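The values are calculated or read from the model by the stated rules, or taken from the named source; none is laboratory data. Worth saying up front: this structure is predicted, and the values here are computed from it rather than measured. Backbone-built Cβ (ideal geometry, glycine too); neighbour counts: all protein chains shown.
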Amino acid sequence: MPVIERGDVGHVRERLDSDFGTRLKDLRINHGHLDVIVQPHDLVELVTFLRDAPGLRFRFFTFLSGVDRSAFGPEDAEDKPHPLEVLIHLYSPDHVLHVTIHVPVDPADPVCPSINRVFAGALWHERETHEMFGIDFDGHPNLSNLYLPEDFEGRPLLKSFKLPSRMVKDWPGAKDPEEAAAGGR
Amino acid sequence: MAIDQQRVGDRTPVHDPAEIAKIVSGANLETEQMVLNVGPQHPATHGVFRLLATIDGEVLVDAQPIIGYMHRGYEKLVEARDYRQITNLVSRMDWLSGINNELPLHLCLEKLMEIEVPERAQYMRVVMLEMNRILNHLMFFASFGAELGAITPTFFAFREREDIQLALEMATGGRMHFGFFRPGGIREDVPRGFFAQALKGVRQVMARLDQYEDLLVGNEIFKQRTIDVGVLDKEIAYNYGVSGPIARGSGIDFDVRKDEPYLVYDRFDFEVQSAPNGDCFDRFWVLVREVVESAKIVEQAIEAMPSGPIMGKVPRVIQAPAGEVYVRTENPLGELGFYLISDGDRRPYRLKIRTPSYNNVSVLPHVLKGQMVADMIAILGSFFFVLGDIDR
């Protein structure tokens, strides 16, 4: 087994490239962290590999959440990002490495396999992501609300969910420096 | 007047002791599970936190933490505010370490906007972060003692806190929510007398800490209530993403300040404290020893404090270019991480806040299972969590 230098993120990219090959998209290094896009059906296999593979040992579970990218960038942009994804971050304490996993899910029927059998810490994170984004985690024992009351309607972190105060008055008001001249104060 | 023997107390046992011994040792003793609700208003929970405990006699069969009583929805609120406003929002997550919460947001912005922070501002940040860490740790030193029935540590800890608190107040005007960091530096330079006051505070703590440590760690009752109680295994800690003093009490010696130094932490001489057993005693011991390390950093930073500007070159409107970045820092309670997605606007497109207490508390059901009811308070107290940090 080759000796891995601390923080050698290029090594992780090579390992993933050879073991998962075409099943991963966009293996790019972003601010020193490896960014990976993986389809939902390969997710459990990938995180298990990352956790157990000698030389990688991404065994520290940092967080799991979601991102609604449907309002990202200008409306007429050519290459729109995938509208809804699950975002997972893992850390390797042994080799000081980070990996960020993006899992695109279908916004009409968002389902993603649960990784709680690999990382038990994901239990709460998946519940939170479920109530905030409406993403179902297949294999999760209990997806009841963690923060919100049981009768709460809507998925608050989706971009389609507007804050009531912002519906009345759009943000920003005219209190910004460059708009002050227009009499906004 | 003769004492009425019958009224004063008949000392003959109601039940025959031999009979009782027979019942107690009897194999057919049936117990029944019952659900015990702890909280949401309970002094041992430092806020509104509920624990649904299933107990069988004296043993906890299951314990489910119920959170969300303080949920304020920061991740949604920040999407409708610009970066200047977010500084003051996030400092209210973990209210015991306000200035530490401000840091990752600014590191995110400085990374995306490629702002260079002047040396003086970086050193100044370190001084304040570590002073806040001492405040936080002393608070938990006090509360853990109080939860185990010792009220004296509270008075000592609060006396020591006051000098450090005063120094921070001189510089920032606040005692809890400082709002002192700005993208590119700090709000203003510190007033005359700040360094003297800060040094006075930390030196006092350093001089007296051994004595305080003895007060609890050297106490027989304290030892009996904490040693081998609530053991958290190392692998479980990794698996749940437990960090901070709790992870270090389980034999994990990672510390973001050492592993991936941010600001100027690589220039200071300090040790990462860790202990191997993973019980309440070790978690507490790590917490107390970390105070000394922080005090050492404050001393060194003030000693080496460079002069110069306190703000880098920053555009008038803080507007991060499109991009994504994850920044993590060592908060007093563990790893605090901000995942910032910017689409080039003045407000974040999405800001995922990964707070230490959230992951740390999620491991509680695992740790509490099989423990005695009487140990529950000691275990809860040794997990050093702040409710605002869990609920966000």
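Annotations for the structure displayed:
Conditions (1) among the small types (Gly, Ala, Ser); (2) closer than 23 Å to B:Val256 by Cα, marked per residue:
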site	(1), (2)
B:Val317	no, no
B:Tyr339	no, yes
B:Ser357	yes, yes
B:Pro365	no, no
B:Phe384	no, yes
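- For segment B:312-327, filtered to residues that are out of contact with any strand residue (DSSP E or B) (no Cβ under 8 Å at 6 or more places or on another chain) and surrounded by 16 or more Cβ atoms within 10 Å (Cβ to Cβ), the residue that is nearest to B:Ser342 (Cα to Cα) is B:Gln319.
- Segment B:230-242, residues that are on the phi < 0 side of the Ramachandran plot and in contact with a Lys or Arg (Cβ under 9 Å, 6 or more places away or on another chain): B:Leu232, B:Glu235, B:Tyr238, B:Asn239
- B:Ser294 meets each of the listed conditions (1) among the polar types (S, T, N, Q); (2) in a helix (DSSP H, G or I); (3) touching a Pro at 6+ places or on another chain (Cβ under 7 Å) apart from (3).
- Count of segment A:128-144 residues which are of a type in the set (S, T, N, Q) and either within 13 Å of the chain's Cα centre (by Cα) or at positive phi (or both): 1
- Failed condition for B:Pro43, given (1) in contact with an Asp or Glu (Cβ under 9 Å, 6 or more places away or on another chain); (2) closer than 23 Å to B:Leu148 by Cβ; (3) at pLDDT below 85; (4) surrounded by 18 or more Cβ atoms within 10 Å (Cβ to Cβ): (4)
- Number of the condition not met by B:Met376 [criteria: (1) more than 25 Å from B:Ile227 (Cβ to Cβ); (2) surrounded by fewer than 23 Cβ atoms within 10 Å (Cβ to Cβ); (3) away from every other protein chain (no Cβ under 13 Å)]: (1)
- Only one of the numbered conditions (1) touching a Pro at 6+ places or on another chain (Cβ under 6 Å); (2) assigned to a loop (DSSP other than H, G, I, E, B); (3) crowded, with 20+ Cβ neighbours inside 10 Å; (4) away from chain A (no Cβ under 14 Å) is violated by B:Gly278, and that is (1).
- Screening the candidates B:Met176, B:Met139 for the property of being touching a residue at least 60 places away in the same chain (Cβ under 8 Å) and of a type outside the set (D, E, K, R) yields one hit, B:Met176.
- In segment A:96-148, of all residues being among the β-branched types (Val, Ile, Thr) and over 22 Å from A:Asp52 (Cα atoms), the one that is farthest from the other protein chains (Cβ to nearest Cβ) corresponds to A:Val111.
- Matching option when the condition is within 14 Å of another protein chain (Cβ to nearest Cβ) and not β-branched (Val, Ile, Thr), among B:Asp94, B:Asp82: B:Asp82
- Filter result for B:Leu216 (in contact with a Phe, Trp or Tyr (Cβ under 6 Å, 6 or more places away or on another chain), in contact (Cβ under 8 Å) with a residue 40 or more places away in the chain and buried (at least 18 other Cβ atoms within 10 Å of the Cβ)): yes
- Selection from segment B:97-117 of residues that are away from chain A (no Cβ under 14 Å) and more than 26 Å from B:Leu166 (Cβ to Cβ): B:Leu105, B:Ile115, B:Glu116, B:Val117
- Selection over segment B:177-209 of residues that are loosely packed, with under 13 Cβ neighbours inside 10 Å and in a helix (DSSP H, G or I) gives a count of 2.
- Test: residue in segment B:342-349 that is in contact (Cβ under 8 Å) with a residue 60 or more places away in the chain and surrounded by 23 or more Cβ atoms within 10 Å (Cβ to Cβ): yes
- Scanning segment B:202-233 for residues that are within 14 Å of chain A (Cβ to nearest Cβ) and within 19 Å of the chain's Cα centre (by Cα) yields a count of 1.
- Matching residues in segment B:319-333 - criterion: being in a strand (DSSP E or B) and either within 12 Å of chain A (Cβ to nearest Cβ) or not charged (D, E, K, R) (or both): B:Gly323, B:Glu324, B:Val325, B:Tyr326, B:Val327, B:Arg328, B:Thr329, B:Asn331
- Subset of segment B:337-372 (residues that are away from chain A (no Cβ under 11 Å) and either of a type in the set (A, V, I, L, M) or farther than 18 Å from B:Val90 by Cα (or both)): B:Val367, B:Leu368, B:Lys369, B:Gly370, B:Gln371, B:Met372
- Among the conditions (1) farther than 26 Å from A:Asn30 by Cα; (2) out of contact with any Leu (no Cβ under 6 Å at 6 or more places or on another chain); (3) surrounded by 20 or more Cβ atoms within 10 Å (Cβ to Cβ), B:Asn331 misses just one, which is (1).
- Top-ranked residue of segment B:288-311 - restricted to ones that are more than 25 Å from B:Phe141 (Cα to Cα) and crowded, with 17+ Cβ neighbours inside 10 Å, ranked as farthest from the other protein chains (Cβ to nearest Cβ): B:Ile302
- Qualifying residue in segment B:262-274 (condition: free of Cβ contacts under 8 Å to residues at least 24 places away in the same chain, in a loop (DSSP other than H, G, I, E, B) and within 14 Å of chain A (Cβ to nearest Cβ)): no
- Residue list for segment A:43-91, filter: more than 10 Å from every other protein chain (Cβ to nearest Cβ), surrounded by fewer than 21 Cβ atoms within 10 Å (Cβ to Cβ) and in contact (Cβ under 8 Å) with a residue 60 or more places away in the chain: A:Leu43, A:Val44, A:Thr48, A:Ser70
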